[in-house]
């Protein structure tokens, strides 16, 4: 039977950064946060939550490396600033995972709100800064 559920974070055109590769990666990140939310609301075990969190971290790092590769290739003027933000975001999520594994924090609605804000703020603010730049270089 097909289970109909509302996504915790819905993809909308307002999240499009104008570069299809990055949009696909952002959708996948949103899917992982939604998967974590579904696990939380259905009472899944910490083992499941840890596995999803690990995949989310790994894919976030992979995505950031993709963006940074484009920054370097096209000489993006905000490269250094954007990379510093990436480094800070990865540090925050790794700290969250460490606290979770040590039992100092649980995956809660508050944690989900942090992840949602983190993703949406980064996409809507920092990533939108490169939309016109890459499109101007013919990258879509």
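The values are calculated or read from the model by the stated rules, or taken from the named source; none is laboratory data. Since the model is a prediction, treat every value here as computed from it, not as a measurement. Ideal geometry is used to build each Cβ from the backbone, glycine not excepted, and the neighbour counts take in all protein chains shown.
The table below lists the values:
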read-out: Odd one out for residue 99, checked against (1) surrounded by 15 or more Cβ atoms within 10 Å (Cβ to Cβ); (2) in a helix (DSSP H, G or I); (3) modelled with pLDDT under 95; value: (1)
read-out: All positions within region 76-96 that are touching a residue at least 24 places away in the same chain (Cβ under 8 Å), farther than 22 Å from residue 42 by Cα and part of a helix (DSSP H, G or I); value: 82, 85, 89, 90, 92, 93, 94
read-out: Residue within region 31-51 that is touching a residue at least 40 places away in the same chain (Cβ under 8 Å), part of a helix (DSSP H, G or I), under 30 Å from residue 135 (Cβ atoms) and touching a helix residue (DSSP H, G or I) at 6+ places or on another chain (Cβ under 6 Å) present; value: yes
read-out: Residue check, residue 131 in a helix (DSSP H, G or I), without any contact (Cβ under 8 Å) to a residue 12 or more places away in the chain and out of contact with any strand residue (DSSP E or B) (no Cβ under 8 Å at 6 or more places or on another chain); value: no
read-out: Residue 62, sole failed condition from (1) exposed (fewer than 15 other Cβ atoms within 10 Å of the Cβ); (2) over 25 Å from residue 13 (Cα atoms); value: (2)
read-out: Residues within region 113-129 that are surrounded by 13 or more Cβ atoms within 10 Å (Cβ to Cβ) and closer than 16 Å to residue 24 by Cα, tallied; value: 6
read-out: Cβ-Cβ under 9 Å pairs, at least 6 apart or on other chains, region 10-26 side touching a residue at least 24 places away in the same chain (Cβ under 8 Å) and on the phi > 0 side of the Ramachandran plot, far side surrounded by 15 or more Cβ atoms within 10 Å (Cβ to Cβ) and outside any helix (DSSP H, G or I); value: 18/139
